[in-house]
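Engineer: Sharing a structure here in structure tokens format.
What follows draws every value from the coordinates through simple rules; no lab data is involved. Given the structure is predicted, the values throughout are model-derived calculations rather than measurements. Cβ sites come from the backbone with ideal geometry, for glycine too, and all protein chains shown count toward neighbours.
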Amino acid sequence: MFDGQDRILGFEMRNLEICTTLRRRSESAAIEMQSAIRNPNSATARRLLLFDIDGTLIHSGGAGVEALKRAFKERFGIDDDLGGIEIAGMTDSGIVLNILNKHKIPATNENVSAFLDSYVHFLSLELPRRKGKLLPGVLKLLERLKSRPHVVLALLTGNVSRGAQLKLEHYGVWHFFEFGAFADDHRDRNQLGRFARARAKEKHGREFVASEIDIIGDTPRDIACGKALGARTIAVATGRWSRGELAKHRPDVLIDDLADVESVINTLGW
């Protein structure tokens, strides 16, 4: 009789231990999930950072504008100081179209491609001649972010891919970026976000939702591009647009520059 009761009691105790273990595991999983949400260093809390180039990471010392002038002169025999042509925040392909339209030159695929080919050639010559620079804090920031497994570094830029590579290789930071969205993909900057997201998914095997994406740039066009994607917009007042001018376009975050790396990382939760 007592043996039967002992067996029943033992069975109930084992059931209680199993239930307690399962409950603890469930609670632990819930705690880990909440920790992942709060902790940006968690493997499950990813951030896709999409950086602009000119005015955000570098100043090329006017290499890009001069390369455009020389390319236009070589291909079409016309001198133009590019006055009245909007350049900051525009895509290279959009700039080329505007120059061709200004001079009533047919904007055929052949003319655009020829112009851009010449531009890239002259850009490679102009970069070493110019007193350009990496902007304050950029190298240290990229070094810090590259070591963080939850951060994905990529580009979203108006440069054609060949131009982007020339510029960032010249200043020693091209290798920090896994992929990018470029003017080769679309002449409308607001369309580039979807290319960046598609490449992020291809590279990392997961969809980055808009709330996991930051777009960092120095112009109102960068802000508009981020808003079109639904991403967090981070405006940096290191280009030709002042802090006050950028503020009018209501970025989610507005900072003077990237010089104080620790403050930038802590403020943005990177």
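Engineer: Arrange the peptides 64-73, 126-135 so that the one whose residues have, on average, the most other Cβ atoms within 10 Å appears first.
Structural biologist: Per-residue Cβ counts within 10 Å, averaged per peptide and sorted highest first, yield 64-73, 126-135.
Engineer: Less than 16 Å apart at the alpha-carbon level, and either on another chain or at least 8 residues along: which aspartates and glutamates does that give for Lys146?
Structural biologist: Glu178, Asp214, Glu262
Engineer: Simple spin-label model, 7 Å along Cα-to-Cβ: Lys73 to Ser211 in nm?
Structural biologist: Distance between label points: 5.4 nm.
Engineer: Report the FRET efficiency, 1/(1 + (r/R0)^6), for His150 and Asp252, where r is their Cβ-Cβ distance and R0 is 22 Å, rounded to 0.05.
Structural biologist: Working: r = 20 Å, r/R0 = 0.89.
With R0 = 22 Å, the Cβ-Cβ based efficiency is 0.65.
Engineer: While we're on this one: May I ask for the percentage of alpha-carbon pairs in segment 91-205 that lie more than 16 Å from each other?
Structural biologist: Percentage above 16 Å: 66.
Engineer: Something else now. By how many nm would the segment from Leu125 to Arg240 lengthen if fully extended, with 0.36 nm per residue of separation less the alpha-carbon distance?
Structural biologist: Answer, rounded to one decimal: 39.0 nm.
Engineer: Multiply the residue gap between His204 and Ile85 by 0.36 nm, knock off their C-alpha separation, and tell me the result in nm, one decimal place.
Structural biologist: 39.0 nm
Engineer: Across bins of 10 angstrom width beginning at 0, how are the C-alpha pair distances of segment 216-270 distributed, in whole percent?
Structural biologist: Histogram of Cα-Cα distances, whole percents per bin: 26, 55, 19.
Engineer: Through the Karplus equation 6.51 cos²θ - 1.76 cosθ + 1.60, θ set to phi - 60°, convert the phi angles of segment 186-192 into ³J(HN,Hα) values in whole Hz; use x for Gly and Pro.
Structural biologist: Using θ = phi - 60°, the values come out as 6, 6, 8, 4, 5, 8, 6 Hz.
Engineer: I would also like to ask the following. Please list, in order along segment 115-127, the HN-Hα scalar couplings obtained from phi with the Karplus expression 6.51 cos²θ - 1.76 cosθ + 1.60 (θ = phi - 60°), rounded to whole Hz, x for Gly and Pro.
Structural biologist: Karplus-based 3J(HN,Hα) across segment 115-127 equals 4, 5, 4, 5, 4, 4, 4, 6, 4, 4, 7, 7, 4 Hz.
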